[in-house]
Amino acid sequence: MADSLPDTALDQLFRTARTYNGYLDKPVTEDQLRQIWDLMKMGPTSANMLPARLVWCVSEDAKAKIASCASEKNAAKIVKAPATVIIGMDVDFHEHLPELFPHDQTAKNWFPDAEVRKTHALRNSSLQGAYFIFAARALGLDTGPMSGFDNAKVDALFFAGTNVKSNFISTLGYGDPSTIFGRLPRPAFERFNKVL
């Protein structure tokens, strides 16, 4: 059994970590993107389906392209950020299960219905999106996950001809503390929890 992380790590991952609206003028390297993936891919998904498909927008052209799909306020954040990632979801993730879930070669057949696959892809790619946030934080980076964009336009521009659909997007970089608001409320356990 693993020991609890020290308070400094818990602070970095949860307590003092924030969602950033802007970033310092400091680049994010491809090596860091790879490190994020190498951590986030280790998080659990149902039957190891790993449906998330990521597009890392780091060039000015790619950032302008994804910004064109976002609301005006979010577009400004995207073009100024060192990187923006699209967390997509492969609705035909089951095709990869013989490789990703090798100890049961029937797993590919567990998801014959396309609508059921969409539900699993959304749930599990959302989990992977959360792992992305915590992997970035663990590596000393900050994120700005967002909705406020046109999913259909993102899918047409970045995933045309594939079975991948966009879930959400997030900016990535070294957060500028001047761009965040005060910490919003976080209710006590008793407010939203029940122990039976």
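So that you can scan it fast, the table gives a plain yes or no per residue for (1) among the charged types (D, E, K, R); (2) more than 26 Å from ASN151 (Cβ to Cβ); (3) touching a helix residue (DSSP H, G or I) at 6+ places or on another chain (Cβ under 8 Å); (4) at pLDDT 95 or above:
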site: ASP3; (1), (2), (3), (4): yes, yes, no, no
site: TYR23; (1), (2), (3), (4): no, no, yes, yes
site: ASP31; (1), (2), (3), (4): yes, yes, no, yes
site: PRO44; (1), (2), (3), (4): no, no, yes, yes
site: VAL79; (1), (2), (3), (4): no, no, yes, yes
site: VAL91; (1), (2), (3), (4): no, no, yes, yes
site: HIS96; (1), (2), (3), (4): no, no, no, yes
Close pairs from segment 108-129: first on the phi < 0 side of the Ramachandran plot and of a type in the set (A, V, I, L, M, F, W, C), partner surrounded by fewer than 18 Cβ atoms within 10 Å (Cβ to Cβ) and at pLDDT 95 or above, Cβ under 7 Å, at least 6 apart: LEU127/GLY43
Every residue from segment 114-157 that is assigned to a helix (DSSP H, G or I), of a type in the set (A, V, I, L, M, F, W, C) and within 16 Å of the chain's Cα centre (by Cα): ALA121, LEU122, LEU127, ALA130, PHE132, ILE133, PHE134, ALA135, ALA136, ALA138, VAL154
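When the residues of segment 1-21 are narrowed to those that are surrounded by 14 or more Cβ atoms within 10 Å (Cβ to Cβ) and closer than 16 Å to PHE134 by Cα, which ends up nearest to the chain's Cα centre (by Cα)? Break it down into steps so the answer makes sense when it comes.
Filtering segment 1-21 down to residues surrounded by 14 or more Cβ atoms within 10 Å (Cβ to Cβ) leaves 12-13, 17-21.
The next check asks that each one be closer than 16 Å to PHE134 by Cα; those that pass are 12-13, 17-20.
Numbers: GLN12: 18, LEU13: 15, ALA17: 16, ARG18: 15, THR19: 13, TYR20: 14 Å.
So, considering only residues that are surrounded by 14 or more Cβ atoms within 10 Å (Cβ to Cβ) and closer than 16 Å to PHE134 by Cα, the one nearest to the chain's Cα centre (by Cα) is THR19.
Results for (1) of a type in the set (Val, Ile, Thr); (2) touching a Pro at 6+ places or on another chain (Cβ under 9 Å), shown as yes or no for each residue.
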position	(1), (2)
ASN124	no, yes
ALA138	no, no
ALA152	no, no
GLY161	no, no
SER166	no, no
ILE169	yes, yes
Long-range neighbours under 8 Å by Cβ, at least six apart or interchain, first residue outside any helix (DSSP H, G or I) within segment 179-195, second modelled with pLDDT of 95 or more: ILE180/ARG18; ILE180/THR19; ILE180/TYR20; ILE180/ASN21; ARG183/ARG18
Selection count, segment 83-129, where residues are closer than 23 Å to ALA62 by Cα and not β-branched (Val, Ile, Thr): 8
Criterion: exposed (fewer than 15 other Cβ atoms within 10 Å of the Cβ) and of a type in the set (Val, Ile, Thr) - qualifying residue of THR179, THR171, THR143, THR106: THR106
Condition met for GLN105 (polar (S, T, N, Q), closer than 27 Å to LYS153 by Cα and either modelled with pLDDT under 95 or in contact with a strand residue (DSSP E or B) (Cβ under 6 Å, 6 or more places away or on another chain) (or both)): no
Conditions (1) surrounded by fewer than 20 Cβ atoms within 10 Å (Cβ to Cβ); (2) touching a Pro at 6+ places or on another chain (Cβ under 9 Å); (3) of a type in the set (Lys, Arg): number failed by ARG186: (2)
Members of segment 37-71 that are of a type in the set (Ser, Thr, Tyr) and free of Cβ contacts under 8 Å to residues at least 40 places away in the same chain: SER59
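The values are calculated or read from the model by the stated rules, or taken from the named source; none is laboratory data. Not measured: the values here are computed from a predicted model. Using ideal geometry, Cβ is built from the backbone for each residue, glycine included, and neighbour counts are taken over all protein chains shown.
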